[in-house]
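**Q** To start, I am sharing the structure in question, which I have written as structure tokens.
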Amino acid sequence: MVHRKQASVYDLARELPAYGGGLVQSEVAVLQRLTHDPERPYVVVLGGSKVSDKLLVIESLLPRVDALLVGGGMCFTFLAAQGLGVGGSLLEEDQIASCQRLLESGKIVLPTDVVVADDFSADANTRTVPAEEIPDGWKGLDIGPESVKAFAQVVSGAKTVFWNGPMGVFELAPFAEGTRGVAQAIIDATGAGAFSVVGGGDSAAAVRQLGLREDGFSHISTGGGASLEYLEGKTLPGLAVLEEVRS
């Protein structure tokens, strides 16, 4: 909650003795490790629904990372930015130009195959198709097995990994394998010596729901929105007020 200027976070800290607790301190230490000279190669894995939700963090991270892997619903706007049809998949047309600009970095890796369905449900008809062959009316709801292999290959060479956002609709069994496969690749990289951070929110929920080892990651953040805003370079009110009262 340190990213919100609420009375309990900000105003009380200005009027009463206030200290950052152990959890806040550990979170900040981890995020500083991601932003101040991280060990390379540095790979970021981003998923979730909308490009617009992650645009600022992508713009902030791209100059710092060696590769940025994009899955989830947001990948379809990037695919559309390459001139591909995305069927009935989630698409933010107003973000296509931004995606085209971001792709110019050469660091963004997109899925090459996707799991599509004729309905948003656990019992929908599904198939795996190349990313450039999504049928009209079908929705992309997960990255495909070849994309999982490609993403895992990039992650396997990383020394620092930050992951925020699922690769598909992991809550429904037919669309959970992309998230499971990429998460396992991060666990494997961690076991080989990489420093890995799960950026809270849906990613942390996916780890639990899919039965993955929480201790397989170096750190699972408790602050999804706050961690993203920190990585965007924003001033977080809850941290700023602690600096203020100390000075």
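The values are calculated or read from the model by the stated rules, or taken from the named source; none is laboratory data. Model, not experiment: these values are computed from the prediction. Note: ideal-geometry Cβ built from the backbone for every residue, glycine included; neighbour counts use all protein chains shown.
**Q** What tally of residues in the range 28-42 results from selecting those that are within 17 Å of I58 (Cβ to Cβ) and within 17 Å of the chain's Cα centre (by Cα)?
**A** Total meeting the criteria: 4.
**Q** Does the range 209-230 include one or more residues that are within 14 Å of the chain's Cα centre (by Cα), at pLDDT 95 or above and farther than 20 Å from R33 by Cα?
**A** Within the range 209-230 (the criterion being within 14 Å of the chain's Cα centre (by Cα), at pLDDT 95 or above and farther than 20 Å from R33 by Cα), the answer is no, since none of the residues qualifies.
**Q** For residues that are closer than 27 Å to G83 by Cα, of a type in the set (K, R) and within 19 Å of the chain's Cα centre (by Cα), tally how many sit in the range 130-180.
**A** Of the residues in that region, 1 qualify.
**Q** In this structure, does S105 turn out to be in a loop (DSSP other than H, G, I, E, B), of a type in the set (S, T, Y) and either farther than 20 Å from L55 by Cβ or without any contact (Cβ under 8 Å) to a residue 60 or more places away in the chain (or both)?
**A** For S105, the condition - in a loop (DSSP other than H, G, I, E, B), of a type in the set (S, T, Y) and either farther than 20 Å from L55 by Cβ or without any contact (Cβ under 8 Å) to a residue 60 or more places away in the chain (or both) - is met.
**Q** Moving on to the next point. Can you tell me which residue within the range 42-87, out of those that are of a type in the set (D, E, K, R), part of a loop (DSSP other than H, G, I, E, B) and in contact with a strand residue (DSSP E or B) (Cβ under 9 Å, 6 or more places away or on another chain), is modelled with the lowest pLDDT?
**A** Residue satisfying both the conditions and the ranking: R64.
**Q** Within the range 195-208, can you find the residues that are at pLDDT 95 or above and either polar (S, T, N, Q) or part of a loop (DSSP other than H, G, I, E, B) (or both)?
**A** Correct list: S196 only.
**Q** Right, something else. Do the conditions hold for V161, that is, is it assigned to a helix (DSSP H, G or I), touching a residue at least 12 places away in the same chain (Cβ under 8 Å) and buried (at least 17 other Cβ atoms within 10 Å of the Cβ)?
**A** no
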